[in-house]
Amino acid sequence: MKLTNTELSQQFSEGKFASCYDYLSDNIQWKVIGNKTLKGKEDVMKFCENMLKENANATFKNSNMVVENNQIVVEGNCKFINEDNSEGEVNYCDVYQFEGDKISKITSYCI
């Protein structure tokens, strides 16, 4: 079943990356502010798989979404357990840009 752009944004922000891979533009650019910029579908997929391995215990919860034309903004929270068994937490805001039914650009702010 085809995902809508709204469903796609929600799933990607919740770390359900595999279900989104078919919807990534070949030229996608993902800018993680203050960290790195990924260019191309292969680099984004590799980063996603590594992130899932490193954060297997993470739980994501989206809390707010704004949809406007070809852009969708998703805010949320991620909780995880660090290597020393302490709890960690990150708040995120992911801004998606679409070309048709493909994600062409993501900008992520993580605090």
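Derivation of every value follows stated rules applied to the coordinates shown; laboratory data play no part. Fair warning: this is a prediction, and the values are worked out from it, not measured in the lab. Quick reminder, even Gly has a Cβ in these numbers, built from the backbone with ideal geometry, and neighbours come from all protein chains shown.
Here are the numbers for the structure shown:
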{"read-out": "Selection within region 32-51 - farther than 17 Å from K102 by Cβ and charged (D, E, K, R)", "value": "K36, K46, E49"}
{"read-out": "Residue list for region 52-69, restricted to those being of a type outside the set (G, A, S) and in a loop (DSSP other than H, G, I, E, B)", "value": "N55, N57, N69"}
{"read-out": "K41 being over 11 Å from the mean Cα position of the chain (by Cα), among the basic types (K, R) and surrounded by fewer than 16 Cβ atoms within 10 Å (Cβ to Cβ)", "value": "no"}
{"read-out": "Test: residue in region 65-81 that is of a type in the set (K, R) and closer than 27 Å to N27 by Cβ", "value": "no"}
{"read-out": "Tabulated pairs, region 1-30, first in a loop (DSSP other than H, G, I, E, B), second of a type in the set (A, V, I, L, M, F, W, C) and surrounded by 15 or more Cβ atoms within 10 Å (Cβ to Cβ), C-beta under 6 angstrom, 6+ apart or interchain", "value": "E14/F60; G15/F60; F17/C48"}
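Here is a yes/no grid of residues against (1) more than 12 Å from the chain's Cα centre (by Cα); (2) exposed (fewer than 14 other Cβ atoms within 10 Å of the Cβ); (3) farther than 13 Å from G15 by Cα:
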residue: E54; (1), (2), (3): yes, yes, no
residue: N57; (1), (2), (3): yes, yes, no
residue: F60; (1), (2), (3): no, no, no
residue: N70; (1), (2), (3): yes, yes, yes
residue: V73; (1), (2), (3): no, no, yes
residue: K79; (1), (2), (3): yes, yes, no
residue: D84; (1), (2), (3): yes, yes, yes
residue: N91; (1), (2), (3): yes, yes, yes
residue: D94; (1), (2), (3): no, no, no
